[in-house]
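Colleague: Here it is: the structure, laid out below.
Please treat every number below as a calculation from the coordinates, not as lab data. Quick caveat: nothing in here was measured; it's all calculated off a predicted structure. All Cβ positions, glycine included, derive from the backbone under ideal geometry; neighbour counts span all protein chains shown.
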Amino acid sequence: MIYRAAIFDLDGVIADTARLHLQAWRQLAEALQRPWADDTEEKLKGLERMASLEVILGGESGNFSEETKLALASRKNSRYQELIRSLSPEDLLPGAGKLLAWLYERKIPIALASASKNAPAVLQALGISDFFSYIADPEQSAPKPSPEIFLAAAQGLQVEAEFCIAFEDAAAGVTAIKAAQGMTAVGVGSESTLGSADYIVGSLEMFDPKDFFLSAIRAAVVS
Ligand code: BG6
Ligand code: MG
């Protein structure tokens, strides 16, 4: 397959921000005296904000009004925003900056498909906003594992889904990509949680773009 575009999740793929989301949720769970199980961390990865709150509240969810839930989610978000204030290009995960620059220099369009409403601010703080031709709006798509946000990203780049390769660290995200009309999924993390991806790498450093995009560049030069 000759790929023509790349689509990235943000938290846990490009930047080490999944850790900051978890830190903020954990503080809220502690304040509410909610248990933090062994699999809570994995469950929260990639989930949008209100769905994440439901995981934290668990069986107690029915005891909270919608208004209180919104206030709790907003409290977590304020804490998260405090934590991302100190982000800098040093917080890019291994290989992320190099891969984005490699694609950008070769005019391979790049989109973001993140569930996070804070994504534009995070890209700015990391100094990588300019690499992105399109940022899919999470408020306009059903949350992952629905494929909608990845399809919106492909559409934003005007590249058919089957010619896009997408990167995810969360199981829900890999499921979303695999449901996106022939899109190819690269799982960034471990085989145990991302087993359904087409390729799995420990980090973006281990992904060699030459194997996936060079033929696209050659084809463009020849035609
Ligand atoms: C995802 C993260 O990218 O964005 C989740 O993996 C997070 O942990 C979700 O809950 C929503 O983020 P935000 O910034 O809109 O609360
Ligand atoms: Mg992620």
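Colleague: Return the equivalent ellipsoid semi-axes of the chain as a descending list in whole Å, where each equals the square root of 5 times an eigenvalue of the C-alpha gyration tensor.
Modeller: Gyration-tensor ellipsoid for the chain: 32, 17, 15 Å.
Colleague: List the pairs from LYS69/LYS144; LYS76/LYS144; LYS45/LYS210; LYS144/LYS210; LYS76/LYS98; LYS43/LYS107 whose alpha-carbon separation is above 27 Å, in the order I gave them.
Modeller: LYS45/LYS210; LYS144/LYS210; LYS76/LYS98; LYS43/LYS107, as the Cα separations exceed 27 Å there.
Colleague: Non-local amide H neighbours of ILE7 (under 5 Å, H modeled in plane, Pro and chain starts lacking H): which ones?
Modeller: Correct list: ALA111, ILE165, ALA166, PHE167.
Colleague: Additional query: Could you order peptides 23-33, 106-116 by the average number of other Cβ atoms within 10 Å of their residues, highest first?
Modeller: Order by mean packing, descending: 106-116, 23-33.
Colleague: Listed highest first by mean packing, meaning other Cβ atoms within 10 Å per residue, what order do 90-98, 57-65 come in?
Modeller: Ranked from most to least packed, the peptides come out as 90-98, 57-65.
Colleague: Still on this structure: For region 28-33, just list the computed ³J(HN,Hα) in residue order, Karplus coefficients 6.51, -1.76 and 1.60, θ = phi - 60°, integers in Hz, with x standing in for Gly and Pro.
Modeller: Karplus-based 3J(HN,Hα) across region 28-33 equals 5, 4, 5, 4, 8, 6 Hz.
Colleague: What would the Debye equation give as log₁₀ I(q)/I(0) for region 139-195 at q = 0.24, 0.27, 0.28 Å⁻¹, counting only Cα atoms as equal point scatterers?
Modeller: -0.88, -1.05, -1.10
Colleague: Here's another thing I want to ask about it. From the residues LEU126, PHE212, ILE149, which one has its Cα farthest along the dipole of the chain in the positive direction, the dipole being from +1 and -1 charges on Cβ of Lys/Arg and Asp/Glu about the Cα centre?
Modeller: Comparing the listed Cα positions along the dipole, LEU126 ranks first.
Colleague: Please list the equivalent ellipsoid semi-axes of region 1-46, computed as the square roots of five times the alpha-carbon gyration tensor eigenvalues, in descending order and whole angstrom.
Modeller: Values for region 1-46, descending: 31, 11, 6 Å.
Colleague: Quote to one decimal, in nm, the extra length available between LYS210 and GLU105 on full extension: 0.36 nm per residue of separation minus the C-alpha distance between them.
Modeller: Once the chain is fully extended between LYS210 and GLU105, it gains 36.5 nm.
Colleague: What FRET efficiency do you get for GLU41 and GLU160 if R0 is 30 Å and r is their Cβ-Cβ distance, rounded to the nearest 0.05?
Modeller: So the FRET efficiency works out to roughly 0.30.
Colleague: Output wanted: per-residue J couplings in Hz (rounded whole) for region 177-186, from phi through Karplus 6.51 cos²θ - 1.76 cosθ + 1.60, θ = phi - 60°, x for Gly and Pro.
Modeller: Working through the residues one at a time gives 5, 5, 8, 9, 6, x, 5, 9, 9, 10 Hz.
Colleague: With no solvent and one point per C-alpha, what does the Debye sum give as log10 I(q)/I(0) for region 100-176 at q = 0.15, 0.20, 0.24, 0.27 Å⁻¹?
Modeller: Each listed q maps to, in turn, -0.50, -0.90, -1.25, -1.44.
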